[in-house]
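Take a look at the following structure, please.
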Amino acid sequence: MQPVRNIVVLTGAGVSAESGIATFRGPGGLWEGHRVEDVCTPAALRADPALVHRFYDLRRAALGGVAPNAAHHALAALDRAWPGGLLIVTQNVDDLHERAGATRLLHMHGALLSALCAACGVRTAHAGALPPGSRCAACGAAALRPDIVFFGEMPYAMDRIVDAIGGCDLFVSVGTSGAVYPAAGFVEWANDRGAATLELNLERSAGSDRFDESRLGPAGELVPAWVDELLRERR
Ligand code: NAD
């Protein structure tokens, strides 16, 4: 196997599960008691903006009661120590990777602590509640919405992600179901480029067969063990 220099880590809801944030597909296929179609689509936002805004207000408020877990800390330690290329691409909208100290990080599905102006497209840091009709400081329109990439919308920074995967020797997926595209297809791009591919997940996922290796268990155990292994091999 070629020596590893450039790494892409894709994380999903499973990396934050041990911090107490519910995953997407909880019991009955609901996200915090809601059907995904009712809170995570442009049509839902048009049909019932109060419900959708309130849903993300609650998710944002809940961030105050959670903390990064061992998996976030291990990825932040990798970020500090790894001399080669590294990009952590998270599908998560929480801020636990950055609170652990990760910097080479990209939120492809948006962020709870950000608001998006539907009129001018400007994204601004936002804490606290975001009622429908909130005004954009940049253009003045009463058009701020949660800065969440809904189903059917284009994820952020796809050009950077394509470049990073196109140049990586190792692609690692942590705590993601392999059900949400385009992220679920990243492993195929990495395979096409000849990178080694590793999945770390609680259970086998829809994409497990596409990885060279799948390790099963909680992210809070698997991620620190993998980071230790990688940094030890490097020494
Ligand atoms: P998902 O809920 O579809 O899948 C989570 C995966 O994590 C499952 O395969 C599950 O087996 C695994 N998992 C659960 N607990 C785990 C643990 N302790 N250790 C390791 N793996 C564990 O999540 P997804 O694939 O990320 O779905 C994508 C969408 O969910 C994203 O768009 C994301 O924005 C949204 N989401 C984000 C958050 C968050 O920000 N924390 C929470 C819920 C949903």
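Quick check: anything in segment 125-135 more than 19 Å from ASP163 (Cα to Cα), within 13 Å of the ligand (Cβ to nearest atom) and basic (Lys, Arg)? First the steps, then the outcome.
Going through segment 125-135, the residues more than 19 Å from ASP163 (Cα to Cα) turn out to be 125-135.
Going one step further and asking which of them are within 13 Å of the ligand (Cβ to nearest atom), we end up with none.
No - not one qualifying residue is present in segment 125-135.
Please enumerate the residues belonging to segment 27-61 that are part of a helix (DSSP H, G or I) and either near the ligand (Cβ under 10 Å from one of its atoms) or hydroxyl-bearing (Ser, Thr, Tyr) (or both).
Of everything in segment 27-61, those that are part of a helix (DSSP H, G or I) and either near the ligand (Cβ under 10 Å from one of its atoms) or hydroxyl-bearing (Ser, Thr, Tyr) (or both) turn out to be GLY29, VAL36, TYR56, ARG59.
Looking at ASN92, is it of a type in the set (S, T, N, Q), buried (at least 23 other Cβ atoms within 10 Å of the Cβ) and within 13 Å of the ligand (Cβ to nearest atom)? Please lay out each step first, then the result.
On the way: of a type in the set (S, T, N, Q): yes; buried (at least 23 other Cβ atoms within 10 Å of the Cβ): yes; within 13 Å of the ligand (Cβ to nearest atom): yes.
Spelling it out, ASN92 is indeed of a type in the set (S, T, N, Q), buried (at least 23 other Cβ atoms within 10 Å of the Cβ) and within 13 Å of the ligand (Cβ to nearest atom).
Among (1) charged (D, E, K, R); (2) surrounded by 13 or more Cβ atoms within 10 Å (Cβ to Cβ); (3) touching a residue at least 12 places away in the same chain (Cβ under 8 Å), where does ARG80 come up short?
So the condition that ARG80 fails would be (2).
Then there is this: Restricting to segment 84-108, name every residue that is in contact (Cβ under 8 Å) with a residue 60 or more places away in the chain and either in a strand (DSSP E or B) or not acidic (Asp, Glu) (or both).
At the first step, the residues of segment 84-108 found to be in contact (Cβ under 8 Å) with a residue 60 or more places away in the chain are 84-92, 94, 96-97, 108.
Scanning segment 84-108 gives GLY84, GLY85, LEU86, LEU87, ILE88, VAL89, THR90, GLN91, ASN92, LEU96, HIS97, MET108.
Just to be sure I understand the filter: pairs with C-beta atoms under 6 Å, separated by 6 or more residues or on different chains, first member in segment 7-19 and in contact (Cβ under 8 Å) with a residue 24 or more places away in the chain and over 14 Å from ASP95 (Cα atoms), second member open to solvent by 10 Å² or more (accessible area, probe 1.4 Å) and more than 6 Å from the ligand (Cβ to nearest atom). Which pairs pass?
ILE7/LEU86; ILE7/LEU170; VAL8/LEU87; VAL8/ALA164; GLU18/ASN69; GLU18/GLY220
Does ALA74 satisfy the condition of being open to solvent by 60 Å² or more (accessible area, probe 1.4 Å), assigned to a helix (DSSP H, G or I) and of a type in the set (A, V, I, L, M)?
Here the answer is no, as ALA74 does not meet what is asked.
I would also like to ask the following. Restricting the search to segment 196-214, which residues are away from the ligand (no atom under 11 Å from the Cβ) and touching a residue at least 60 places away in the same chain (Cβ under 8 Å)?
Matches in segment 196-214: ALA196 only.
May I pose another question? Limited to segment 109-134, what total is found for residues that are outside any loop (DSSP other than H, G, I, E, B), among the hydrophobic types (A, V, I, L, M, F, W, C) and buried (at least 16 other Cβ atoms within 10 Å of the Cβ)? Talk me through it step by step, then tell me what you get.
Residues of segment 109-134 that are outside any loop (DSSP other than H, G, I, E, B), as a first pass: 110-117, 123-125.
Within this subset, residues satisfying the condition of being among the hydrophobic types (A, V, I, L, M, F, W, C) are 111-113, 115-117, 125.
Next cut, buried (at least 16 other Cβ atoms within 10 Å of the Cβ) only: 111-113, 115-117.
Number of matching residues: 6.
When both residues are 6+ apart or on different chains and their Cβ atoms are under 6 Å apart, which pairs have a first residue that lies in segment 215-231 and is free of Cβ contacts under 8 Å to residues at least 60 places away in the same chain and away from the ligand (no atom under 12 Å from the Cβ), and a second that is open to solvent by 50 Å² or more (accessible area, probe 1.4 Å) and not in a helix (DSSP H, G or I)?
The qualifying pairs do not exist here.
Of the residues that make up segment 13-26, is at least one within 13 Å of the ligand (Cβ to nearest atom), in a helix (DSSP H, G or I) and open to solvent by 10 Å² or more (accessible area, probe 1.4 Å)? Reasoning before the result, please.
Residues of segment 13-26 within 13 Å of the ligand (Cβ to nearest atom): 13-26.
Still in the list and also in a helix (DSSP H, G or I): 14-17.
Still in the running and open to solvent by 10 Å² or more (accessible area, probe 1.4 Å): 14, 17.
Taking every residue of segment 13-26 in turn, at least one turns out to be within 13 Å of the ligand (Cβ to nearest atom), in a helix (DSSP H, G or I) and open to solvent by 10 Å² or more (accessible area, probe 1.4 Å).
Further question: Being assigned to a helix (DSSP H, G or I) and either within 17 Å of the chain's Cα centre (by Cα) or acidic (Asp, Glu) (or both) is the requirement here; does VAL9 meet it?
Working: assigned to a helix (DSSP H, G or I): no; either within 17 Å of the chain's Cα centre (by Cα) or acidic (Asp, Glu) (or both): yes.
When the stated conditions are applied, VAL9 does not pass them.
Do any strands (runs of 3 or more DSSP E) entirely within segment 153-219 hold 2 or more residues that are open to solvent by 60 Å² or more (accessible area, probe 1.4 Å) and at pLDDT 95 or above, and if so, which?
On the way: elements: 170-174, 196-201, 213-216.
Here the list reads 213-216.
The values are calculated or read from the model by the stated rules, or taken from the named source; none is laboratory data. Predicted model, so just to flag it, every value in this text is computed and none were measured. Ideal geometry is used to build each Cβ from the backbone, glycine not excepted, and the neighbour counts take in all protein chains shown. Ligands, DNA and RNA are excluded from the accessible area calculation, which covers all protein heavy atoms including side chains. Shrake-Rupley method; radii C 1.70, N 1.55, O 1.52, S 1.80 Å.
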